[in-house]
Amino acid sequence: TMLAWACASARRPEVRYFPMLFVGGPSGCGKSTLAKLTMRLVGSAIEAPLGSVTPYVLMQRLASSTSLPVLVDEWTRLSRRDSREMLQGLVPVVSEGGLAERGQSDLVTVRYRVTAPTMIAGEDTMHLDRELERVVQVFPRHAWQSPDALAAIDTQPLQRFGSLLHRMVASGASLPALVDGEAATRPEHNHLVLQGGWRTLHALLDIARAQGEDVPAVPVE
């Protein structure tokens, strides 16, 4: 799910509505590690830890990109209340890539277009319908952890994948549709976006394989 979302994020400008990715679970389950590995994979280092960033900085980060994900970490009840509440209010706007306003101390209102594909990680949950219908949720488990696999992956130049992915998207290569079909509900649309991300992954693997790269066998299903 995270890999499909990451590949779809490179094509964020192609769709009006793009789901946020929520990685949740208790302390030590691996959520932040997986989130940061995913960020490395697509070549993004844009992070906004809710424990320290102000609402102003958070807004800037969410408006800083259109196809590189932003990781909002530390989604807990101990984070900055003002930043957390602002993010909750922005969920529909971030999903649509719309305009958000932020007042300044000199009473001037500044508009931001919050277009960044957004990943949230933390121990708390999302429970409002307006949030749940706009996010894809992943809950890692302790039982899934493999220290050996993590050590092997962590030493690899993961950003090379991101370079190839964005180069393919920017090259004008013939790619499968990101969203294939019409969805009756937002969750159905989110699922179509994930499927489009998975097709994008396989398009990238096919191109790399044709260029003589050592490409792993990833199931199409």
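The values are calculated or read from the model by the stated rules, or taken from the named source; none is laboratory data. Note that this is a predicted model, so its numbers are computed, not measured. Virtual Cβ from ideal backbone geometry, glycine too; neighbours counted across all protein chains shown. Please note that ligands, DNA and RNA were not included when accessible areas were found on the heavy atoms of the full protein model with its side chains. Shrake-Rupley method; radii C 1.70, N 1.55, O 1.52, S 1.80 Å.
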For region 118-164 and region 25-62, what is the separation of their C-alpha centers, rounded to whole Å? 10 Å
Name the GluC sites (Glu not before Pro) in region 88-171 that are in a loop by DSSP and that have at most 14 other C-beta atoms within 10 Å, would you? none
When the dipole is taken about the Cα centre of the chain, and only Lys, Arg (+1) and Asp, Glu (-1) are charged at their Cβ, what size is it in debye, to the nearest 20? 380 debye
Out of region 11-41, which trypsin sites (Lys or Arg not before Pro) are coil in DSSP terms and have no more than 11 other C-beta atoms within 10 Å? R16
Structure-based [θ]222 nm, the chain - -39500 (n - 2.57) summed over DSSP H runs of at least 4, per residue, nearest 500: -13000 deg cm²/dmol
Picking from I46, I153, I120, which is most flexible by a Gaussian network model of the chain using Cα springs under 10 Å? I153
Among L204, N190, T54 - extreme Cα towards positive end, dipole of region 48-206, charges at beta-carbon: T54
Of the options P92, M126, A4, report the single residue whose Cα projects farthest towards the positive end of the charge dipole of the chain (beta-carbon charges: Lys, Arg +1; Asp, Glu -1). P92
Using protein chains only and a probe of 1.4 angstrom, how many square angstrom of F161 are accessible, to the nearest 10? 40 Å²
Return the tail of the calculated pair distribution for region 76-208, meaning the percent of Cα-Cα pairs more than 21 Å apart. 62 percent
Using only the alpha-carbon atoms, how far is helix 81-96 inclined from the longest principal axis of the chain? Give it as 0 to 90 degrees, nearest 10. 50 degrees
Candidates G181, G122, G43; GNM for the chain (alpha-carbon contacts under 10 Å) flags as most fluctuating G181
Relative to the chain, whose Cα atoms define the longest principal axis, helix 186-210 and its Cα axis are tilted in degrees, nearest 10, by 40 degrees
In the Gaussian network model of the chain, springs joining C-alpha atoms below 10 Å, which of L158, L58, L50 carries the largest mean-square fluctuation? L158
What angle, in degrees between 0 and 90 and rounded to the nearest 10, separates the Cα long axis of helix 159-170 from the longest principal axis of the Cα atoms of the chain? 90 degrees
